[in-house]
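Asks: What follows is a single structure, and I will ask about it in a moment.
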Amino acid sequence: MKTATINIPTLKAINLAASTEEIRYYLCGVNVTVATNTVTYVATDGHVLLYRRLDTAEPNTLLGSWIIPLEWSKKLKIPRSLPDADMSLTDDGFLRFSGPLDDLARPVEGTFPEYERVIPGSSPEDTGAAQFGGAYLAMFAKFAKLLDIGTPHVHHAGKRSPAAVTFSAAPPGTFGVIMPI
């Protein structure tokens, strides 16, 4: 059976940026992309984006991309001592999470947007003041606390540009994006 290693605390934390709007159902979850040695987790509601890429200890054999529903992962009551679960795909299209979790999730059918387009580049285009929603800034602080990755830092690139958000104690491959008001 083909499997992939999924970090459940990361999955739950990334959910903070997932949309709750039913009209944009394809944003109502975490896009999980599994490669041989990494798993990338991304969620966005159009105002904020959270991204985390983690290396896996063992090679993944189940490769691909799925949107794991927000409602499924929100209901999980798990201790921090359960960092990983093995994910496999059933014959009828469900994602099976084995080990202590032992649950099924139906992936969201749809195409996750090309989130790479909103990730700020390394060079600022223009400078000036910008405003960011306080609730969104608080969400980044909650994400950092859930994963114990320090404090969020907003890297403002310009008043009309998305801003990168990094975390003081996060490993490479963990960041966010916030849109100005």
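Asks: For Met1 and Ala57 in the same chain, what is the full-extension length gain: residue separation times 0.36 nm, less their Cα-Cα distance, in nm?
Replies: Separation in residues times 0.36 nm, less the Cα-Cα distance, equals 18.4 nm.
Asks: Report, to the nearest whole %, how much of the accessible area of the chain belongs to carbon and sulfur atoms, 1.4 Å probe, protein only.
Replies: Of all accessible area on the chain, carbon and sulfur atoms account for 53 percent.
Asks: Something else: Can you give me the long-range amide H partners of Thr174? Hydrogens built in the peptide plane at 1.01 Å from N, cutoff under 5 Å, separation of 5 or more residues or another chain.
Replies: Arg53
Asks: Then there's this: Check the chain and count each lysine pair with an alpha-carbon distance under 28 angstrom, considering only pairs eight or more places apart or from different chains.
Replies: Counting lysine pairs in the chain gives 17.
Asks: Given a 1.4 Å probe and heavy atoms of the protein chains only, how would you sort Thr111, Thr10, Thr36, largest accessible area at the top?
Replies: Reading off the accessible areas and sorting them downward yields Thr111, Thr36, Thr10.
Asks: Here is a further query. Describe numerically, in nm with one decimal, the distance between label points set 7 Å from Cα along Cα→Cβ at Glu114 and at Gln131.
Replies: Taking the simple label geometry, Glu114 and Gln131 are separated by 3.2 nm.
Asks: Here is a further query. Please compute the length gained on full extension between Arg106 and His155, using 0.36 nm multiplied by the number of residues separating them and subtracting their Cα-Cα distance.
Replies: 14.0 nm
Asks: Can you put Glu109, Glu22 in order of accessible area, largest first, using a 1.4 Å probe?
Replies: Heavy-atom accessible area, descending, gives Glu22, Glu109.
Asks: Expressed as an acute angle from 0 to 90° and rounded to the nearest 10, what is the orientation of the C-alpha long axis of helix 134-147 relative to the principal long axis of the chain?
Replies: 40
Asks: Here is a follow-up. Using a 1.4 angstrom probe, figure out how much accessible area the chain has per residue, in square angstrom, rounded to the nearest whole.
Replies: Spelled out: the 1.4 Å probe surface of the chain, per residue, equals 53 Å².
Asks: Let me know the whole percent of all Cα-Cα pairs from segment 19-112 that are separated by more than 15 Å.
Replies: Of all Cα-Cα pairs in segment 19-112, 63 percent lie more than 15 Å apart.
Asks: Taking every alpha carbon pair in the chain, what does the distance histogram look like in 10 angstrom bins from 0, in percent?
Replies: 10, 37, 36, 14, 3, 0
Asks: For Phe94 and Ile181 in the same chain, what is the full-extension length gain: residue separation times 0.36 nm, less their Cα-Cα distance, in nm?
Replies: 27.5 nm
Asks: Work out from phi, with θ = phi - 60° and the Karplus expression 6.51 cos²θ - 1.76 cosθ + 1.60, the ³J(HN,Hα) of each residue of segment 59-70, listed in order in whole Hz, and give x for Gly and Pro.
Replies: My calculation for segment 59-70 gives x, 7, 10, 8, 10, x, 9, 9, 9, 8, x, 4 Hz in order.
Asks: Using a 7 Å offset from Cα along Cα-Cβ at Lys145, what residues in segment 25-56 end up with backbone N under 20 Å from the label point?
Replies: 48-51
Asks: Ranked from the most accessible area to the least, with a 1.4 Å probe and all protein chains present, what is the order of Phe175, Phe140?
Replies: Heavy-atom accessible area, descending, gives Phe175, Phe140.
The values are calculated or read from the model by the stated rules, or taken from the named source; none is laboratory data. The structure presented is a predicted model; accordingly, all values stated were derived computationally and were not measured. FYI the Cβ positions are ideal-geometry reconstructions off the backbone, even for glycines, and counts take in every protein chain you see. Heads up: the accessible areas ignore ligands, DNA and RNA and are worked out on the full protein's heavy atoms, side chains in. Shrake-Rupley method; radii C 1.70, N 1.55, O 1.52, S 1.80 Å.
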